[in-house]
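All remarks here apply to the structure that follows.
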Amino acid sequence: MDKNDEPGVQQYVNAIGAPMKYSEIVFCGYGEPTIRWDVIKSVAGFVKENGGKTRINTNGHGNVINHRDITPEMAGLIDTVSVSLNATDAKKYSELMRVDESMYAEMLDFTKKAKKFVPTVVLSVVGIPDVDIEKARSIAVDEIGVNFRERTYF
């Protein structure tokens, strides 16, 4: 396989083998996994049918990327969604993520919708001095009603 080729569903299924031998199968990477949402759904279906657990690490832009609300499609397929909050306001988020400020609201909306269909939803931030950790925790827990995690900066 050429390093520029995107693996297909069967390649992932073959690589995973028996999902029960892992604590969870995580969809993440050097980009946004929901860009290949159909592949994730198929692989997650295989994992769930074979007794495994799934998690997706996302920037929360999946509904925009796929031009529809994909969160209902997560029901029964995804056990945990971890969304990168990254900042506590639209301006900082926009600067950090290099996206339009409107994407901050999209990310929060995605998170709110996901909690209706996914058992565990987490908003996370990297613990760096520029981030108000307590404000981030409040957005996650108090405003949206999901879990919060501070990721280690390294």
**Prompt:** Under 5 Å between amide H atoms, partner at least 5 residues away or on a different chain: which partners does F27 have, H built in plane at 1.01 Å?
**Reply:** R55, I56, N57
**Item:** Theoretical gain in end-to-end length, R68 to N50 [0.36 nm per residue, Cα-Cα removed]
**Value:** 3.7 nm
**Flagged links, alpha-carbon separation over 32 Å, of K92/K113; K53/K91; K92/K115** = K53/K91
**Overall dimensions of the chain by Cα: Rg and Dmax, Å** = 15.8, 47
**Message:** Can you report the principal axis dimensions of the range 104-151 using only the alpha carbons, biggest first, rounded to whole angstrom?
**Reply:** 33, 20, 16
**Complete:** Taking Cα atoms, the helix 102-114 axis meets the longest principal axis of the chain at an angle in degrees (rounded to 10) of 60 degrees
**Message:** Going by average Cβ density within 10 Å per residue, which order do the peptides 6-12, 142-148 take, highest to lowest?
**Reply:** 142-148, 6-12
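Readers should treat all values here as calculations from the given coordinates under stated rules, not as data from a laboratory. Quantities reported herein were computed from a predicted structural model and do not represent experimental measurements. A quick note on method: Cβ atoms are made from the backbone with ideal geometry, for glycine too, and the neighbour counts reach across all protein chains shown.
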